[in-house]
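Worksheet: the structure to be examined is printed underneath.
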Amino acid sequence: MRINKTDLPALARTCKAFRDPALDILWAELYSLAPLIRCLPGALSQIVDDYTTVSPLGLFKLQWTVTKFRAALLVEQASRTS
């Protein structure tokens, strides 16, 4: 069976059994960081809307947040496999 990616958000909201597999597929391939950045708190998410005004400090904060997010994902994945 082939599922259209536009149907995955609805499928993820349908029930708990579908949520994780649907979200895994949705987040597996991102064509930009915009969707991920929009999940971050206020000031960082503004970077997505205006790339020209990103200060070096703002970019550093974004990189640090992404690094912490990746580390948390790795810890979670490791705990699932053990």
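Observations, loosely collected:
- Computed label-point distance, nm, for sites R2 and L57 using a 7 Å Cα→Cβ extension: 5.1 nm
- Theoretical gain in end-to-end length, I25 to S79 [0.36 nm per residue, Cα-Cα removed]: 17.4 nm
- Full extension of the chain segment joining A17 with C39 gains 5.6 nm, where the gain is 0.36 nm per residue of separation less the Cα-Cα distance.
Read-outs: derived from the displayed coordinates by stated rules, not from any lab. Owing to the predicted nature of the structure, the values given are computational and were not obtained by experimental measurement. Cβ coordinates were reconstructed from backbone atoms using ideal geometry, including for glycine residues, and neighbour counts include every protein chain displayed.
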